[in-house]
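Student: Below: one structure in structure tokens.
The values are calculated or read from the model by the stated rules, or taken from the named source; none is laboratory data. What you see is a predicted model, and the numbers here were worked out from it, not measured in a lab. Virtual Cβ from ideal backbone geometry, glycine too; neighbours counted across all protein chains shown. Areas reflect the complete protein model, heavy atoms only, side chains present, ligands, DNA and RNA absent. Shrake-Rupley method; radii C 1.70, N 1.55, O 1.52, S 1.80 Å.
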Amino acid sequence: MLKISKTTTLTMPTNPLDDVWANFQSLKGVSEVKKIMEAPQQWLLEQPLTQGLLAHPTAKVLLGWLQSSQNVAAFPLLIAQCGTAFLETSHGINRAYNSKLYPNLAGAGERALAGLISTSTEKGIYGDVINAFNNSLNLPELSKTGVKINYAMDEAWRSINQKKLLMQEEARRLRDKYYQELQDERLKLDDRRRTRSKYNNVARSLVAMGDAPIPSPRIVRSTTGTGTGTGTGTVIGNSNYDINSIYNDQILSIRSVQVNASALIIVPVVAPIVAVGGALATVGITAGIISSIASWFLTTCMNLAGIPASLITALIHCVTSIVLKVSGSSGAEALRFFAASALKINEALLMTVFGTSNMNVTAWMFLIAMAGPILIVSIIIILAMRNKTALSKTLYVFGDLVDNPNRFNLRVATMYETNSIEILDQFKLSAKNMRDNAKLAMSQIIGLGLDPKNEYAICYNLTNPDNPIPVTGKEEIAALLGPDKVARIATGRLNFMDFI
């Protein structure tokens with residue numbers, strides 16, 4: 001039986017990037033991301049996380065596909081996509097961080113996720129995410145390796161501080177420039193208003209970044225009197241500005257996406273559209289599983305020394321948003337609210353940075369500084385989602401006979417370009433057909449999937465096809481199959497007389 005599923009990808013612009021993003025002069029620091037995109041293979045394979053995983057014997061076996069020629073060839077386009085998605089996501093998170101429209105950012109994210117529909121595209125993405133967790137990464141086994149990679153993040157914080165100092169220096173220069181211009185009595189009224197607005201914006205930015213407030217310039221200019229009076233009058237402008245009410249969103253709560261993937265066990269597959277046991281494979285569940293993968297990498301596998309632990313939650317949500325965006329999911333924007341909420345509730349730990357246009361770029365600068373960990377984890381998750389070699393190509397369903405243990409019913413299916421949802425659906429369909437059409441009583445039904453190398457990829461106890469029970473570990477699978485089947489599978493001797 002042939003099964004084909006399409007993987008939706010989002011093609012990002014690949015135009016050269018300046019050091020600012022989207023023509024916003026305040027969104028600086030793009031050059032670091034640009035360097036990554038210019039040498040993608042070298043960057044990815046030289047990352048401490050990649051090297052550490054591939055240097056560990058067990059992890060290398062599990063993640064050997066990272067070095068496959070197919071994946072290495074995909075690095076340039078994928079990293080270009082992730083780099084652009086990272087910049088767009090960081091901008092979106094920064095906008096949410098500054099928003100005065102949503103007093104509860106996490107709540108806004110939850111409402112956005114709840115309103116999304118599980119389309120056929122989302123179903124495919126869900127299947128790819130399940131494949132990444134259960135198969136390509138095999139996170140339950142990978143987590144047992146105890147790999148711990150140290151990342152020194154002190155340089156990232158120094159980078160933020162350096163950019164802040166440069167922006168303060170530029171802001172002071174502009175403030176003094178605008179001040180001098182305002183002293184010119186020949187300045188026309190419209191020009192004076194524009195210059196005064198620029199002056200106030202720069203001054204507000206400096207106050208927000210810690211400079212002591214200074215009074216607005218007192219501008220004295222002559223004007224012709226009107227009415228019954230004659231001569232000249234004096235107009236004095238002294239409008240002090242107030243920064244206290246800007247960007248003071250109240251964060252009422254911060255909640256994580258709830259999903260049964262917090263423990264590192266095989267993630268149970270639920271139907272994408274129809275409820276099974278009260279569960280639905282919603283976009284929120286997909287996002288939750290991605291978040292659980294990102295959380296393992298960023299907290300358990302990686303040691304981000306120098307960054308407060310409470311801020312890592314924002315990195316996790318940022319990774320999830322990038323993965324969803326590159327995959328074509330409608331849930332990407334909702335995750336930006338979760339990331340912004342995590343930053344907002346920890347804003348006392350962040351360096352406050354404003355641009356000369358009075359644009360708050362605190363969240364942007366923090367995420368840009370953390371581009372390395374965010375991008376490496378995003379790329380690994382996307383590669384794992386796209387990796388099909390860890391999926392089953394050949395599916396066997398065995399129905400052991402009660403009266404003759406050496407004989408069994410057998411059904412075989414071949415799968416191509418598929419995902420774990422379609423594989424499970426095929427297992428369940430074959431098991432139901434076998435159960436409904438069996439002429440002799442069966443003691444159990446077992447589903448076994450072999451990958452293209454004819455190695456065990458996936459196994460289920462399908463005795464109750466509506467409640468498949470996953471079986472993990474080669475020894476456990478072999479024990480369930482029994483030595484006779486194991487030998488026959490190894491040699492390919494599944495002949496007609498072996499089954500009914």
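Student: Please list the three semi-axes, largest first and in whole Å, of the ellipsoid equivalent to the range 53-157, using sqrt of 5 times the eigenvalues of its alpha carbon gyration tensor.
Tutor: 31, 21, 17
Student: Taking the Cα atoms of the range 305-447, report the difference between the largest and smallest coordinate on each principal axis, in whole Å and largest first.
Tutor: 81, 26, 25
Student: Right, here's the next one. To the nearest 0.05, how large is the calculated FRET efficiency for residue 41 and residue 155 if R₀ is 25 Å and r is the Cβ-Cβ distance?
Tutor: 0.60
Student: Give the calculated FRET efficiency between residue 180 and residue 51 to the nearest 0.05, with a Förster radius of 45 Å applied to their Cβ-Cβ distance.
Tutor: 0.25
Student: Residue 188: which lysines have alpha carbons under 26 Å from its alpha carbon, excluding same-chain residues fewer than 8 sequence positions away?
Tutor: In chain and number order, the partners are 177, 198.
Student: Let me ask you something else. How large a share of the accessible area of the range 327-473, in percent, is made up of carbon and sulfur atoms when the probe is 1.4 Å and the other protein chains stay in place?
Tutor: Here carbon and sulfur together make up 46 percent of the probe-accessible area.
Student: Dividing the Cα convex hull volume of the range 368-500 by residue count, how many Å³ per residue is that?
Tutor: Spelled out: Cα convex hull of the range 368-500, divided by residues, is 121 Å³.
Student: Where only protein heavy atoms count, and the probe is 1.4 Å, what is the accessible area per residue for the range 62-187 in Å²?
Tutor: 45
Student: In the structure displayed, which of 144/453; 28/148; 163/325; 164/325; 432/453 lie more than 26 Å apart, Cα to Cα?
Tutor: Exceeds cut-off: 28/148; 163/325; 164/325; 432/453.
Student: Also, quick follow-up: For residue 117 and residue 435, what does the FRET efficiency come to when R0 = 30 Å and r is the distance between their Cβ atoms, rounded to the nearest 0.05?
Tutor: 0.35
Student: Quick one: which of 331-341, 370-380 comes out on top by average Cβ neighbours within 10 Å, and what's the full order, highest first?
Tutor: Descending mean neighbour count gives 331-341, 370-380.
Student: What translational diffusion coefficient, to the nearest whole µm²/s, does the range 40-85 have by Stokes-Einstein, given a Kirkwood radius computed over alpha-carbon pairs, a temperature of 10 °C and 1.306 mPa s viscosity?
Tutor: 143
Student: Here's another thing I want to ask about it. Counting pairs of alpha carbon atoms under 8 Å apart in space and at least six apart in sequence, what relative contact order in percent does the range 354-500 give?
Tutor: Relative contact order for the range 354-500 comes out at 22 percent.
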